[in-house]
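Read the figures in this text as sums done on the coordinates, not as results from a lab. Being a predicted model, the structure only gives us computed values, none of them experimental. Ideal geometry is used to build each Cβ from the backbone, glycine not excepted, and the neighbour counts take in all protein chains shown.
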Amino acid sequence: MSSMIFRVSSSPHIRSNESTQRIMLDVIIALIPALLAAIYFFGVKVLTVVLISVVFAVATEYAMQKILNRPITINDLSAVVTGLLLAYNVPPTAPWWMVAIGSIFAIAIVKHCFGGLGHNFMNPALAARAVLLASWPVRMSSAAFVSPGVNAVTAATPLSLFKAGAGCGNRIVITSATVATSDTLTSLWDLFIGNIGGCIGETSALALLIGGLYLIYRGVISYRIPLTYIGTVGILSYILGGFHVYCFTFHMLAGGLFLGAIFMATDYSSSPLTAKGQIIMGLGAGLLTVLIRFFGAYPEGVSYSILLMNVATPLIDRFTIPRKFGEVKKSA
Amino acid sequence: MNLKTLSFKGGTHPPHNKGTTENLKVVQSKQPDTVAIPMVQHIGAPCEPIVQKGDQVEVGQKIGEAKGFVSVPVHSSVSGEVIAIEPRLTSGGSAITCVVIKNDMKDTVYEGIVPTAGIDKLSSEEIINIIKEAGLAGMGGAAFPAHVKLSIPPGKTVDTVILNGSECEPYLTADHRLLVERPEDVVDGLIIFMKALNVKKGFIGIENNKPDALEAVYNIVKGKEGIEVVALKTKYPQGAEKQLINACIDREVPSGGLPADAGVVVNNVGTAAAAAEAIKRGMPLIKRIVTITGKGVKNPQNLLVRIGTSFRDVIEECGGFVGTPGKVIAGGPMMGIAQYSIDIPVIKGTSGILVLTEEEAKLPESSNCIRCGKCIEVCPINLMPVNISNYALEDRFEQAESCNALDCIECGACSFICPAKRPLVDSIRVAKREILAKRKKAQSK
């Protein structure tokens, strides 16, 4: 007992079981229902797209860390998450090389050129999606979308139909009962379960919701951004759409809102740190999304809204510093 | 007994690990061969030894005289001969003058140890003086002189005394056992503090993971006017002074201020029991309950240890180490201090000796901050630990200061929760030291 060496370090001497890897694993688990829905509606071929995206993301991470002489951290699974999210943001018909370019861009440029994990100022998958959309607009928009089912044919997404004038705003009062039989309007039920055209992982609000609830239950994300984001879109659409309940529900379920609000806008690196900041993020992204959908040139505004809020994050963080305990109010 | 559970905002839930010792009765430790009693065991000025090498001393005899107001005397915990007065390593990490006494094992009590006139016959000043002379320093860990807390400077009014029995540090059960085994002394101590301060309202806050302690104290308090038992939510750092006040009476201690600025005096339940001991039996603070625990100790126990007994003696009494120990901590795992030697004395503030195994003592590798914001969620002071830490790691201490680094209470909840295992509180501590050093420099110019 005389010549023992004890380890000495600063307290605390115990740490929680939380780890970056566990958090990323939770996100991957939460993304599985959406993947299953995509396979069900679009066929097994979407797996190829997802696989290519993930493999290129992880390989790029490894290569970048080798080149930059940084520790290899592909085991933290963060590149897998980025790969999955990018795949979820492209149409089922996306060619493999396009997905690969997106993955490489997301990891090499958006993530590692800015310092790696935790330092990207934008959501890497969304930034890559924006690049693909700008570079190959046809392959990324309406022409590329297919309707679900075996006889997958090119089909417009519900949002592009809305843009083309089939929206709820300029229609007579529609009840959900009539909607189901309407040719031009999408059934809310189909929207909810994902039986519609769209990107691989965005269509099934139900599957995404299950994943989101899991993440909230696990404490990985807070309800603040998803709730305020989706809620703002719903309420503003209700107002702008002429106070139709259909419009309220349609805009919440359509497009990439659930995917964006639950999985993209909550990206730790590019969203505000504080509770108040997260609410501002949700409100701001919701407002921008509705503005783009109703008044912009694009049918869908989720990705650009989130990207815009991403770049506003440092500013939001600066103005939402919490009141410290025991702070004395300055008397005027 | 139906108490509503109170708490504060923020905080985290480390595993309690109290099961090993929470039901073990406090056992009087063996008489040590020698004790080394440091002349500083409190916050404030060191004591001056008033004995010399070769002197015979007895149990309870004063051996160090307090120098200055913020200081308390120290007493011998054994009877025997002073064999050395020399600097020795202490749990704070520095060498401090210690009076080393060879125990004659006779346990002769000093003649001056007699019961006082009793709480009803003593005036406020007399009580405060007895508490000072008994060497009372906060026994929760910080060891702030008790009589200083009880001497309220003019201009401040205190209307409440709160006893801290939350014991939110994992592993430790010293306060828990005290509450279960000696609840009268704790309540009497509270009454003594209330009389000294002339206040009518007293609280005893206990975390609700100690239902037996809550019940024991509740049964004593029942029918006593102005005293209330508060069940606190089990959450770390519930026992932090400011968080305790906030939970019990919903007041906030102003930033940079003391509890007295919120009209409150907080004392540990151990300090209260020691005050009762001093008033009722005249015995100064010479022993304390220490929880010796952790997977690295053969027989974890709650021992009543004489001040000055070495960690080595105490650990040996608990059967020694299991295998090769990894870490020996004075205090709990969240805020305790890791020791590099076990040849250091138990002092008034030693609430526990925790021995972690080699496996448990492994330092986690830190990786990139992923900005999850969990450190902000758990911070009981509502700080943004990630920001302060980032500035501190880049030596940008001015920015760290503007992020309120000095308000940090160093509870370590941020480092505990961090998934990337960042050295959050470590770097904030560095920032605090740098900021204070700079302020001192600026003042002396």
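Some points to look at:
- Axial C-alpha extent at least 20 Å, average Kyte-Doolittle at least 0.0 - helices from chain B (DSSP): B:183-197
- Averaged over peptide B:414-421, the number of partner chain Cβ atoms lying within 10 Å of each residue's Cβ comes to 6.
- Dipole magnitude (debye, nearest 20) for chain B, charges at Cβ of Lys, Arg, Asp, Glu: 760 debye
- What the phi angles of region B:371-384 give under the Karplus curve with 6.51, -1.76 and 1.60, with θ = phi - 60°, is a coupling list of 6, 6, x, 5, 5, 6, 4, 8, 4, x, 9, 6, 8, 10 Hz, glycine and proline written as x.
- Dipole orientation for chain A: of the candidates A:Leu208, A:Thr48, A:Pro158, A:Leu208 has the Cα lying most toward the positive pole (charges on Cβ; Lys, Arg +1; Asp, Glu -1).
- Label-point separation in nm, B:Lys9 to B:Ile43, each point 7 Å along Cα→Cβ: 2.5 nm
- Under the Karplus curve 6.51 cos²θ - 1.76 cosθ + 1.60, θ = phi - 60°, whole-Hz ³J(HN,Hα) for region A:318-326, x wherever Gly or Pro sits: 5, 9, 10, 5, x, 5, 6, 4, x
- Span from the region B:382-400 Cα centroid across to the region A:52-79 one, whole angstrom: 29 Å
- Placing a label point 7 Å from the Cα of A:Phe121 along the Cα-to-Cβ direction, the residues of region A:286-330 whose backbone N falls under 13 Å from that point are A:308-316.
- Taking every C-alpha pair closer than 8 Å and separated by at least 6 residues, the mean separation divided by the residue count of region A:1-147 gives a relative contact order of 23 percent.
- Taking every alpha-carbon pair under 8 Å whose residues sit at least 6 apart, chain A reaches a relative contact order of 17 percent.
- Listed residue pairs exceeding 19 Å between alpha carbons, taken from B:Lys25/B:Lys106; A:Lys66/B:Lys421; B:Lys121/B:Lys280: B:Lys25/B:Lys106; A:Lys66/B:Lys421
- Cross-link pairs beyond the 28 Å C-alpha cut-off, checked among A:Lys276/B:Lys149; B:Lys30/B:Lys62; B:Lys4/B:Lys298; B:Lys132/B:Lys222; B:Lys18/B:Lys242: A:Lys276/B:Lys149; B:Lys4/B:Lys298; B:Lys132/B:Lys222
- Phi to ³J(HN,Hα) by Karplus 6.51 cos²θ - 1.76 cosθ + 1.60 over region B:92-104, Hz, x for Gly, Pro: x, x, 10, 7, 10, 4, 10, 8, 9, 10, 7, 6, 8
- Exposure proxy for B:Ile307, A:Ile193, B:Ile83: other Cβ atoms within 10 Å of each Cβ, ordered fewest to most, give B:Ile83, A:Ile193, B:Ile307.
- Pairwise label distance in nanometres, B:Lys156 with B:Asp33, each label 7 Å out on the Cα-Cβ vector: 4.6 nm
- Kirkwood hydrodynamic radius computed over the protein assembly as shown comes to 29.5 Å, based on all pairs of distinct alpha carbons.
- Extended-chain gain in nm, criterion 0.36 nm per residue less alpha-carbon gap, B:Gln56 and B:Glu81: 8.5 nm
- Absence of a disulfide-compatible partner, taken as no other cysteine beta carbon within less than 4.7 angstrom, is noted in chain B for B:Cys47, B:Cys98, B:Cys168, B:Cys248, B:Cys318, B:Cys369, B:Cys372, B:Cys379, B:Cys403, B:Cys408, B:Cys411, B:Cys418.
- As a calculated quantity, the FRET efficiency between A:Thr48 and B:Glu394 at R0 = 41 Å, using C-beta atoms, amounts to about 0.35.
- Summing Cβ point charges (Lys, Arg +1; Asp, Glu -1) relative to the Cα centre of the protein assembly as shown gives a dipole of roughly 1360 debye.
- Cα-only Debye scattering, chain B: base-10 log of I(q)/I(0) at q = 0.06 Å⁻¹: -0.25
- Full-stretch length increase - A:Phe243, A:Tyr298 - with 0.36 nm per residue and alpha-carbon distance subtracted: 17.5 nm
- Calculated mean residue ellipticity at 222 nm for chain A: -16500 deg cm²/dmol, from DSSP H runs with n ≥ 4 weighted as -39500 (n - 2.57), summed, divided by the residue count and rounded to 500.
- Take the Cβ atoms of B:Lys121 and A:Arg22, set R0 to 56 Å, and the FRET efficiency comes out at 0.35.
- Near B:Val229, the amide H atoms lying under 5 Å from its own belong to B:Ile204; only residues 5 or more places off or on other chains count, and H is placed 1.01 Å from N.
- Sequence of B:Arg312, A:Arg293, A:Arg224 once ranked by neighbouring C-beta atoms within 10 Å, starting from the fewest: B:Arg312, A:Arg224, A:Arg293
- Between amide H atoms placed 1.01 Å from N, distances below 5 Å from B:Ile162 occur with B:Phe203, B:Val265, B:Val266, B:Asn267, all of them 5 or more places distant or on a separate chain.
- By other beta-carbon atoms within 10 Å, ranking B:His13, A:His13 with the fewest at the front produces B:His13, A:His13.
- Taken over the alpha carbons of region B:374-444 as equal point scatterers, the Debye sum produces base-10 log I(q)/I(0) values at 0.14, 0.19, 0.26 Å⁻¹ of -0.37, -0.65, -1.11.
- Distance between the 7 Å Cα→Cβ label points at B:Met105 and B:Glu228: 5.3 nm.
- Mean separation of Cα pairs under 8 Å and 6 or more residues apart, divided by the residue count, gives chain B a relative contact order of 19 percent.
- Within 10 Å of each Cβ in B:169-175, the average number of Cβ atoms from other chains: 1
- Available extension along the chain between A:Tyr217 and A:Asn69 is 49.6 nm, counting 0.36 nm per residue and deducting the alpha carbon span.
- Residue-averaged [θ]222 nm for chain B, counting only DSSP H segments that reach four residues, each worth -39500 (n - 2.57): -8000 deg cm²/dmol
- The region of chain B that goes longest without hitting one of the GluC sites (Glu not before Pro) in a DSSP loop, each with at most 15 other Cβ atoms within 10 Å, is B:226-364.
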